[in-house]
Ligand code: SF4
C-alpha cells in the first residue's frame with residue numbers, strides 16, 4: 001500500500017466555472033445549462049491541502065471561460081501568494097478587461113483553430129475574435145511569461161493545419177523582430193467527450209488522420225519550430241487530476257473519466273489517497289505524465 005506521505009500531485013487542472021460567453025459547437029468542457037461554480041472559500045482550502053500535503057506546484061485554470069468565474073481575481077491572488085505557477089486557458093474575449101491580472105499569470109493559452117476570421121469562425125462561431133487574438137499575439141509581451149495557443153484539430157481544420165502554423169509563424173516573425181518570446185502552439189485532437197459528443201460526426205477525426213497531419217506538418221520544420229506538443233494521441237491516459245465546477249475530481253482515462261471524489265465531501269482527501277493506494281499503476285502513470293509535461297489541457 002502506498003503511504004499518504006509519498007503521494008504527490010504537483011499539478012492540478014481546475015475548471016472553476018462552466019460559464020462561457022462563446023458557444024463553440026465542439027466544446028467538451030463541463031456540461032452547460034445550469035451554472036456551476038466552485039465556492040472560493042472551499043477552493044482555497046483545497047489548494048492549501050494540495051500545496052502543503054501533495055506538493056502542488058502548478059495549476060491550470062480552464063472552464064468555461066475562467067475569467068468569468070465570480071472569484072477569478074481572488075483565486076489568482078491566492079495562487080500568487082502561495083507561489084503556485086498558473087497556466088490560464090482563456091478564449092481571449094476578456095483579454096483587455098483583465099490585462100492587469102493577466103500580466104501576473106505564468107502562461108496564457110489562447111485559441112487558434114483557424115488561419116483567418118472565416119476559418120476561425122468555423123470552429124469558434126465568432127469571426128471578430130480571430131483578429132483580436134492576432135493583435136494580442138503580436139503585441140502582448142510580459143517578461144518571463146509564456147504565451148501559447150491551443151489548436152483543436154478536427155474534421156473542419158485538419159486539412160489546413162499547415163496554414164494555421166504558417167499564420168503563427170508570421171506572428172512569431174513579428175514578435176522576434178521586437179525581441180519578444182515566440183508564441184508556442186499545442187495541437188489537440190478533438191475528442192467527442194461530454195458536451196462535444198453530439199458533434200462527433202461534424203468534428204471527429206481518427207487517430208491515424210491526426211498522426212498523418214502531424215507527420216506532414218513536422219516535415220516542414222520552419223512551420224513547427226514553435227509547436228511544443230502534439231498531444232492526446234501521443235500521451236497515455238491519466239494525464240492530470242481535474243477538478244470540475246461541481247466539485248468532482250476526475251482522472252482522465254482513454255475513453256472515460258474516472259470520478260475519484262468530490263471536494264464537497266468532507267472525506268475527499270481520504271478518498272483520493274485510498275483510490276491511488278488501491279490503484280498504484282494509475283498513480284505511476286500520472287507521475288510519468290507530469291514528468292513529461294504532457295497534460296492534455
Ligand atoms: S470551447 Fe472553450 S470557449 Fe468554446 S464554448 Fe467551450 S469553454 Fe467556451
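By average Cβ neighbour count within 10 Å, what is the ranking of 137-145, 123-131 from highest down?
Highest mean packing first, the order is 123-131, 137-145.
Please compute the Kirkwood hydrodynamic radius over the chain, one decimal place, Å, based on all pairs of different Cα atoms.
Taking every pair of different Cα atoms in the chain, averaging 1/r and inverting gives 19.8 Å.
Compute the angle between helix 161-177 and the longest alpha-carbon principal axis of the chain, please, reported from 0 to 90 degrees and rounded to the nearest 10.
Result, in degrees: 90.
Could you tell me what percent of the DSSP beta bridges with both partners in the stretch 1-143 are antiparallel, to the nearest 5?
If we restrict to bridges inside the stretch 1-143, about 10 percent are antiparallel.
Over the chain, what is the relative contact order in percent, taking alpha-carbon pairs closer than 8 angstrom and at least six residues apart?
Dividing the mean separation by the residue count of the chain yields 20 percent.
Of all alpha-carbon pairs in the stretch 112-234, indicate the percentage at a distance above 20 angstrom.
Of all Cα-Cα pairs in the stretch 112-234, 43 percent lie more than 20 Å apart.
What share of the DSSP beta bridges in the chain is antiparallel, in percent to the nearest 5?
That works out to approximately 25 percent antiparallel.
Against the longest principal axis of the chain, how steep is helix 280-292, in degrees 0 to 90 to the nearest 10, with axes from Cα atoms?
Relative to the chain, helix 280-292 is tipped by roughly 40 degrees.
Hey, what angle do you get for helix 268-278 against the long axis of the chain, alpha-carbon based, 0 to 90 degrees rounded to 10?
Result, in degrees: 90.
Bear in mind these aren't lab numbers, they're just calculated from the coordinates by the rules spelled out. Everything numeric in this text was worked out from a predicted model, so none of it was measured. Every residue, glycine as well, gets a Cβ built from its backbone with ideal geometry; the counts of neighbours run over all protein chains shown.
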